[in-house]
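Novice: Structure provided below as structure tokens; questions to follow.
The values are calculated or read from the model by the stated rules, or taken from the named source; none is laboratory data. What you see is a predicted model, and the numbers here were worked out from it, not measured in a lab. Ideal geometry is used to build each Cβ from the backbone, glycine not excepted, and the neighbour counts take in all protein chains shown. Just so you know, the surface numbers come from the protein's heavy atoms only, side chains and all, with ligands and any DNA or RNA stripped out. Shrake-Rupley method; radii C 1.70, N 1.55, O 1.52, S 1.80 Å.
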Amino acid sequence: MIHPQSATWERLLEMLAEAQSVFQRYGVLLFQEAHSLRIMDRPKLVEVNSQKEQALETMCQLEQQVERELHRLAGSAAHESIWSWLKAVPDPRAQLAQGMLTDLLRLARLIQEQGKKNDALIRPIYHRVREAVQVMYTGLGTGPVYQGSGILHFPSVPSSVHLQG
């Protein structure tokens, strides 16, 4: 018979391994996003963003599951630092878990750095689109105006449906 705590350690290590895999996949997706932004590949951007959303959902679920398993293992010591607790536990699986958590933090920093780079690629595109929309509104004489109540009002833009010939 497997000891219940042993099964908890095994679940924790499996979840940490899965989290590492998902973090790595998310990092790859960020690189794909950067490439797609550089070449303006809109269909690929849509696909990558969909995959990023799925990966983020999985990352959140795994984070909650890992936290639950750590609290099961740590018991009343869970109120202390998990890092301190893992260092103090003589079980070799604790050191393995600590190494995996350290790797996840490293991956998270890389993801954050690439996310900032992607944001820097997106920002100029966003501003160009915003300026183009403003030029269209101005050219049509239908720019947004503030009403007496202070609410910004966007008049409807005429389309070919509204034209009379």
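Novice: Within region 9-29, which residues are surrounded by fewer than 17 Cβ atoms within 10 Å (Cβ to Cβ), farther than 15 Å from Leu107 by Cα and in contact with a Leu (Cβ under 8 Å, 6 or more places away or on another chain)?
Specialist: Hit for region 9-29 is Leu13, nothing else.
Novice: Scanning for something buried (at least 17 other Cβ atoms within 10 Å of the Cβ) and more than 17 Å from Ile122 (Cβ to Cβ), does region 30-53 turn up at least one residue?
Specialist: no
Novice: Could you list, ordered by first residue, the pairs with Cβ atoms under 8 Å in which the first is in region 41-58 and in a helix (DSSP H, G or I) and the second is aliphatic (A, V, I, L, M), at least 6 apart or interchain?
Specialist: Here the result reads Leu45/Leu37; Val48/Leu29; Gln51/Leu29; Lys52/Leu29; Lys52/Leu30; Ala55/Val22; Ala55/Leu29; Thr58/Val22, each pair linking region 41-58 to a residue that is aliphatic (A, V, I, L, M).
Novice: Can you tell me which residues in region 121-165 are in a loop (DSSP other than H, G, I, E, B) and either open to solvent by 100 Å² or more (accessible area, probe 1.4 Å) or modelled with pLDDT of 65 or more (or both)?
Specialist: The first filter runs over region 121-165 and keeps only residues in a loop (DSSP other than H, G, I, E, B), leaving 141-144, 147-151, 154-159, 163-165.
Across region 121-165, the qualifying residues are Pro144, Gln147, Gly148, Ser149, Gly150, Ile151, Phe154, Pro155, Ser156, Leu163, Gln164, Gly165.
Novice: Still on this structure, I have one more. Between Leu101, Leu107, Leu86, which is in contact with a Phe, Trp or Tyr (Cβ under 7 Å, 6 or more places away or on another chain), under 26 Å from Trp9 (Cα atoms) and open to solvent by less than 90 Å² (accessible area, probe 1.4 Å)? Don't jump to the end; show me each part of the working.
Specialist: Working: Leu101 fails: in contact with a Phe, Trp or Tyr (Cβ under 7 Å, 6 or more places away or on another chain); Leu86 fails: in contact with a Phe, Trp or Tyr (Cβ under 7 Å, 6 or more places away or on another chain).
Selected residue: Leu107, the only one of Leu101, Leu107, Leu86 that is in contact with a Phe, Trp or Tyr (Cβ under 7 Å, 6 or more places away or on another chain), under 26 Å from Trp9 (Cα atoms) and open to solvent by less than 90 Å² (accessible area, probe 1.4 Å).
Novice: Of Ala88, Ala108, Ala94, Ala74, which residue is of a type in the set (A, V, I, L, M), at pLDDT 75 or above and under 30 Å from Arg38 (Cα atoms)?
Specialist: Ala108
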